[in-house]
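The values are calculated or read from the model by the stated rules, or taken from the named source; none is laboratory data. Keep in mind that this is a model prediction, so the values were computed, not measured. Here the Cβ is made from the backbone with ideal geometry for all residues, glycine too, and neighbour counts use every protein chain on show.
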Amino acid sequence: MDLPYAEPYRNKTIEPLRRSTRYERDAWIAEAKYNLFNLRSEYVFVDLLTDSGTGAMSSAQWAEMMLGDESYAGATSYYKLKETIEDLLGFTYFLPTHQGRAAENVLFSALIGVGDAGAGKVVPGNSHFDTTKGHIEFRKACAIDCTIDEAFDTQVEHPFKGNVDLEKLESVLKAYPRESIPLCMLTITCNSSGGQPVSMENIKDVSALCKRYGVPLFFDSARFAENAYFIKKREPGYEDKDIRTIVWEMFSYADGMTMSSKKDGIVNIGGFVAFKDPELWRKTSTFNIMFEGFNTYGGMAGRDMGALSVGLREATEFDYLESRVGQVAYLGRLLTGYGIDVQRPYGGHAIFVDAKRMLPAVPKEEFQAQTLGVELYREAGVRGVEIGTLLADRDPETGMERYPALELLRLAIPRRTYTNAHMDYVAAALANVKERASAITRGYRIVYEAPIMRHFTVELEPAD
Ligand SMILES: *Cc1c(COP(=O)(O)O)cnc(C)c1O
């Protein structure tokens, strides 16, 4: 028979986890104002809040930490990272930043402008990530979502739900003058539509369209390696290509990229922005020096740049990706087996549970996905995150709630961190919530919210 995948690594150190009682969790979540971000991590048994910065580093990465060169300028660790980015991704110029949103901040400062300079400008893309959208709207510009419609129905099977609808994109490119479109941003994989990949064909077409209209194309590349894995598995003509060849081809269509290294860099903190054009690099470096740090360290310690250069190589190994994406699919299959509706096909880094289908009696004004997240925590100490109305935020113009097409509870799986036994536990916990779902009829109301990116700090109380 065909042998199943198995992790291409074994444990050398372990980190103990503590289980808690339902009674304890009820008190802790109330104290946290029903916001899962406010919980202490020691109150969580299996933490699927995010796959960002939560991965386990390899022995090779830890060894590289010891070799970290902490020189202010020209550190060896910087050059190691520079070489990796050039070799693996094809970008000659890059700027290290402390994480992905910082890369967005410095890039957008150069391309969109600072203060209200974005007024009247648009940045088309495929379901921009929340911090990306935040940085665009903070400059008074507008992020226009051109994702294909199939992405918004969780039950439609489409191999590349992160794809851009080329007609939607072209109508934006036609409708605005060139100077009002500072860039187009393609997110690979598309986090907001469920960790769904973008096909090479779509990448190619988006690139051609942007070129035709003279608009620079940047990739928001946090999960570029997972995207490449899906291209290999799902796109005709790529099945025999290796991951690094696919990665190289993907980036050949971009003018630049932003990276949250906390994802497919498999480090705990870090990011960068990379370019092909030295002029754009130069222009952006002014903002990097101002906001992040000198060009050869940005927001990163030398040791972290070293670990990142190793992490980027490890993340683009096929066996790693197969077990990584395989574990996500394992959880997806378990949940499907329990009759729980999740986003199909399964994403690369997370499973997205359809909260509207799971808790149909909870009114949308009372945050269905958030309600499901609180129930799952109460049930078993498992922490997921809401991808729904709280995350969507209010319309900056009208102040009205922007109810998104989907109310999802995201269960994001940290890289190389949990075992499949943890996945069994999570799935059983959610099945228990499903069993009592008909009795859950009320959600939460907001008692405090921030003016932008409110989901991180929102405070809630039970609506009944
Ligand atoms: C995480 C993420 C970011 C932001 O990166 P941070 O490192 O969290 O600041 C941007 N885009 C995507 C697609 C992401 O997943």
Name every residue in the stretch 71-90 that is under 13 Å from Met257 (Cα atoms) and crowded, with 21+ Cβ neighbours inside 10 Å, in order of residue number. Ile85, Leu89
Output the number of the condition that Lys211 fails; it satisfies all remaining conditions of (1) touching a residue at least 12 places away in the same chain (Cβ under 8 Å); (2) more than 11 Å from the ligand (Cβ to nearest atom); (3) of a type in the set (D, E, K, R). (1)
Being within 16 Å of the ligand (Cβ to nearest atom), under 23 Å from the mean Cα position of the chain (by Cα) and in contact (Cβ under 8 Å) with a residue 24 or more places away in the chain narrows it down to one residue among Ile246, Ile269; which is it? Ile269
Find the residue count for the stretch 1-44, including only residues that are among the charged types (D, E, K, R) and part of a loop (DSSP other than H, G, I, E, B). 9
Against the definition (of a type outside the set (A, V, I, L, M) and within 16 Å of the ligand (Cβ to nearest atom)), how does Thr97 come out, yes or no? yes
Being within 14 Å of the ligand (Cβ to nearest atom), assigned to a loop (DSSP other than H, G, I, E, B) and either modelled with pLDDT of 95 or more or not assigned by TED's automatic domain parsing to the domain that holds Ile246 (or both) is the filter here, so list the residues in the stretch 167-203 that pass it. Ile188, Pro197, Val198
Residue list for the stretch 106-142, restricted to those being within 24 Å of Pro278 (Cα to Cα) and near the ligand (Cβ under 9 Å from one of its atoms): Thr132
Would you check if Phe294 is out of contact with any Cys (no Cβ under 7 Å at 6 or more places or on another chain), of a type in the set (Phe, Trp, Tyr), surrounded by 18 or more Cβ atoms within 10 Å (Cβ to Cβ) and within 20 Å of Tyr79 (Cα to Cα)? no
Kindly list the number of the only condition in (1) at pLDDT 95 or above; (2) among the small types (Gly, Ala, Ser); (3) more than 16 Å from the chain's Cα centre (by Cα) that fails for Ala350. (3)
